[in-house]
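Quick notes on the structure that follows.
The values are calculated or read from the model by the stated rules, or taken from the named source; none is laboratory data. All values derive from a computational prediction rather than experimental measurement. All Cβ positions, even for glycine, are placed from backbone atoms using ideal geometry, and neighbour counts span all protein chains on display. Just so you know, the surface numbers come from the protein's heavy atoms only, side chains and all, with ligands and any DNA or RNA stripped out. Shrake-Rupley method; radii C 1.70, N 1.55, O 1.52, S 1.80 Å.
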Amino acid sequence: QVQLVESGGGLVQAGGSLRLSCVASGRTFGLYILGWFRQAPGKERDFVAAIAGNGGSTSAADSVKGRFTISRDNAKNTVYLQMNSLKPEDTAVYYCAAKRWGSLAAIRTPDYWGRGTQVTVSS
């Protein structure tokens, strides 16, 4: 069982930055693919970014490429999402997710979810 706890959300003006963190429980953190998803009111939960267990490869949605960066620190059991040049359309609840096996694409069917952290970008 893995528990994921997100933090770092908040209110920011358009063009600003935020860094989200997600701390995971468990001793096999490095074996998990980790990812971030987001869900805006009235919309489906969408993939944002993913990172391999060793941090050697990443992927990101086209809507955030060049603005968001995913990274991880396996010594701290933590995955990060650095969000720059934020836009009002980035407003959503951001969720951390973990997947035990597979390629980066496998994160789209995660084994575990966090409870989410709200990000609000004002215009």
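None of THR58, THR28, THR78 is of a type in the set (Val, Ile, Thr), surrounded by fewer than 15 Cβ atoms within 10 Å (Cβ to Cβ) and farther than 16 Å from VAL119 by Cα except THR28.
Checking each residue in the range 109-123 for being surrounded by 15 or more Cβ atoms within 10 Å (Cβ to Cβ), more than 16 Å from MET83 (Cα to Cα) and in contact with a Gly (Cβ under 9 Å, 6 or more places away or on another chain) picks out only PRO110.
Yes or no, residue by residue, for (1) modelled with pLDDT under 95; (2) open to solvent by 60 Å² or more (accessible area, probe 1.4 Å); (3) of a type outside the set (A, V, I, L, M, F, W, C); (4) under 14 Å from the mean Cα position of the chain (by Cα):
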| residue | (1), (2), (3), (4) |
| --- | --- |
| LEU20 | no, no, no, yes |
| LYS43 | no, yes, yes, no |
| LEU86 | no, no, no, no |
| ALA106 | yes, no, no, no |
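Look through the range 1-10, keep the residues that are among the small types (Gly, Ala, Ser) and either touching a Gly at 6+ places or on another chain (Cβ under 7 Å) or in a loop (DSSP other than H, G, I, E, B) (or both), and return whichever of them is surrounded by the most Cβ atoms within 10 Å (Cβ to Cβ). Across the range 1-10, the extreme among qualifying residues is GLY9.
Take ARG67 and tell me if it is basic (Lys, Arg), open to solvent by less than 60 Å² (accessible area, probe 1.4 Å) and free of Cβ contacts under 8 Å to residues at least 24 places away in the same chain. It is true that ARG67 is basic (Lys, Arg), open to solvent by less than 60 Å² (accessible area, probe 1.4 Å) and free of Cβ contacts under 8 Å to residues at least 24 places away in the same chain. The listed residues are GLN39, GLN13, and the only one of them that is open to solvent by 30 Å² or more (accessible area, probe 1.4 Å), more than 15 Å from GLY114 (Cα to Cα), touching a strand residue (DSSP E or B) at 6+ places or on another chain (Cβ under 6 Å) and touching a residue at least 12 places away in the same chain (Cβ under 8 Å) turns out to be GLN13. Residues in the range 54-73 that are under 25 Å from TRP101 (Cβ atoms) and either of a type in the set (Gly, Ala, Ser) or over 14 Å from the mean Cα position of the chain (by Cα) (or both): ASN54, GLY55, GLY56, SER57, SER59, ALA60, ALA61, SER71. Answer yes if at least one residue in the range 19-27 is of a type in the set (A, V, I, L, M, F, W, C) and in a helix (DSSP H, G or I), and no otherwise. There is no residue in the range 19-27 that is of a type in the set (A, V, I, L, M, F, W, C) and in a helix (DSSP H, G or I).
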